[in-house]
Amino acid sequence: MSSSSLPLLSLDRLSCRFGGLQALDRVSFAVHPGEIFGLIGPNGAGKTTLFNLISGVTPISSGDVCWQGQTISALPPDRLNRLGLARTFQNLRLFDRLTVLENLLVAQASQRRSQPEALATAWGLLEELALSGLAERDAGTLAYGDRRRLEIARALATRPTLLLLDEPAAGLNPSEKERLGQLIAELRQRHQLTVMIIEHHVPLLMGLCDRLAVLDFGALIALGTPEQVRTDPRVIAAYLGGGQ
């Protein structure tokens, strides 16, 4: 993790309301360069809503999102992507009728790269994520674990500084989850990434993350290292239970 005193991303009293539902309530924390930062909590706690606010998918009701100290709350997703923010989705959003290679080329369309540069980036990521043998296959025909890796590769194709991963281990078997954890750690190192990750598979995050934030009913109830979070009475009561 970088020792830089300036956070890459900071949230200041971030709130989101859908009609009478307070989905997020004045959430504040900072993510530092080079961190793998986990976000956990029960279903409906507001985790994906938080990602949607950060990535410009959902309007912010109040509060601010800042990038290296500058407010980015009003920027649309394409501007945020060019700034260095990319994400995956819990429900995969691949172009199923395009090939694996074409999915990576489309991801780079807003980056103003030459065709040779875009192809080189795409092939490099396909090699890195063990997808090169599937390059000419339609994305919709891939096995589920391969589709998950393609979603990550597509986000990486934009060369982000901050990568948001929304439940990347969902639907994977135990060995696939273990390999995914290793892959995320390797990608952080090779691409000099900062990673924010939502995941219900708590053991994966406890072994992977530098710090975690815990949400419950839209509010931040804990923030700290895996050990601090694991032993926090509020987290145990709201989410982990006595068995964790």
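Find the residue count for region 125-139, including only residues that are open to solvent by less than 10 Å² (accessible area, probe 1.4 Å) and farther than 17 Å from residue 155 by Cβ.
1
Name the single residue that is surrounded by the fewest Cβ atoms within 10 Å (Cβ to Cβ) among those in region 222-241 being over 21 Å from residue 164 (Cβ atoms) and of a type in the set (A, V, I, L, M).
Among those that are over 21 Å from residue 164 (Cβ atoms) and of a type in the set (A, V, I, L, M), it is 237.
For (1) in contact with a Gly (Cβ under 8 Å, 6 or more places away or on another chain); (2) modelled with pLDDT under 95, each residue gets a yes or a no:
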| site | (1), (2) |
| --- | --- |
| 133 | no, no |
| 156 | no, no |
| 160 | yes, no |
| 165 | no, no |
| 177 | no, yes |
| 201 | no, yes |
| 208 | yes, no |
| 215 | yes, no |
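May I ask you to list the residues in region 168-189 that are under 13 Å from the mean Cα position of the chain (by Cα) and without any contact (Cβ under 8 Å) to a residue 24 or more places away in the chain?
Within region 168-189, no residue meets the criteria.
Which of the following residues is under 17 Å from the mean Cα position of the chain (by Cα), at pLDDT 95 or above and of a type in the set (Phe, Trp, Tyr): 37, 95?
Step by step, each of 37, 95 is checked, and only 37 is under 17 Å from the mean Cα position of the chain (by Cα), at pLDDT 95 or above and of a type in the set (Phe, Trp, Tyr).
Being touching a residue at least 24 places away in the same chain (Cβ under 8 Å), under 20 Å from residue 168 (Cβ atoms) and either crowded, with 17+ Cβ neighbours inside 10 Å or in contact with a Lys or Arg (Cβ under 9 Å, 6 or more places away or on another chain) (or both) narrows it down to one residue among 14, 24, 9; which is it?
9
Inspect region 190-203 for any residue being without any contact (Cβ under 8 Å) to a residue 24 or more places away in the chain, over 22 Å from residue 126 (Cβ atoms) and surrounded by fewer than 23 Cβ atoms within 10 Å (Cβ to Cβ) and give the result as yes or no.
yes
From 98, 92, which residue is of a type in the set (A, V, I, L, M, F, W, C), farther than 22 Å from residue 166 by Cα and in contact (Cβ under 8 Å) with a residue 40 or more places away in the chain?
98
Do we find that residue 218 is surrounded by 17 or more Cβ atoms within 10 Å (Cβ to Cβ) and in contact with a Cys (Cβ under 9 Å, 6 or more places away or on another chain) in this structure?
For residue 218, the condition - surrounded by 17 or more Cβ atoms within 10 Å (Cβ to Cβ) and in contact with a Cys (Cβ under 9 Å, 6 or more places away or on another chain) - is met.
Among residues belonging to region 75-118 that are among the aliphatic types (A, V, I, L, M), in a helix (DSSP H, G or I) and in contact with a Lys or Arg (Cβ under 7 Å, 6 or more places away or on another chain), point out the one that is most open to solvent (accessible area, probe 1.4 Å).
So, considering only residues that are among the aliphatic types (A, V, I, L, M), in a helix (DSSP H, G or I) and in contact with a Lys or Arg (Cβ under 7 Å, 6 or more places away or on another chain), the one most open to solvent (accessible area, probe 1.4 Å) is 107.
Test of understanding: among 129, 105, 142, which residue is within 20 Å of the chain's Cα centre (by Cα) and closer than 24 Å to residue 164 by Cβ?
Among 129, 105, 142, only 129 is within 20 Å of the chain's Cα centre (by Cα) and closer than 24 Å to residue 164 by Cβ.
Could you please tell me which pairs satisfy a Cβ distance under 7 Å, a separation of 6+ or placement on different chains, a first residue in region 215-239 that is in contact (Cβ under 8 Å) with a residue 60 or more places away in the chain, and a second residue that is in a helix (DSSP H, G or I) and aromatic (Phe, Trp, Tyr)?
Matching pairs, first to second residue: 216/239.
Can you name every residue in region 43-74 that is assigned to a helix (DSSP H, G or I) and open to solvent by 70 Å² or more (accessible area, probe 1.4 Å)?
Within region 43-74, none qualify.
The values are calculated or read from the model by the stated rules, or taken from the named source; none is laboratory data. Computed from a prediction, not measured in an experiment: that's the story for all the values here. In this analysis, Cβ positions are derived from the backbone assuming ideal geometry, glycine residues included, and neighbour counts consider all displayed protein chains. All accessible areas refer to the heavy atoms of the entire protein, side chains included, with ligands and DNA or RNA removed. Shrake-Rupley method; radii C 1.70, N 1.55, O 1.52, S 1.80 Å.
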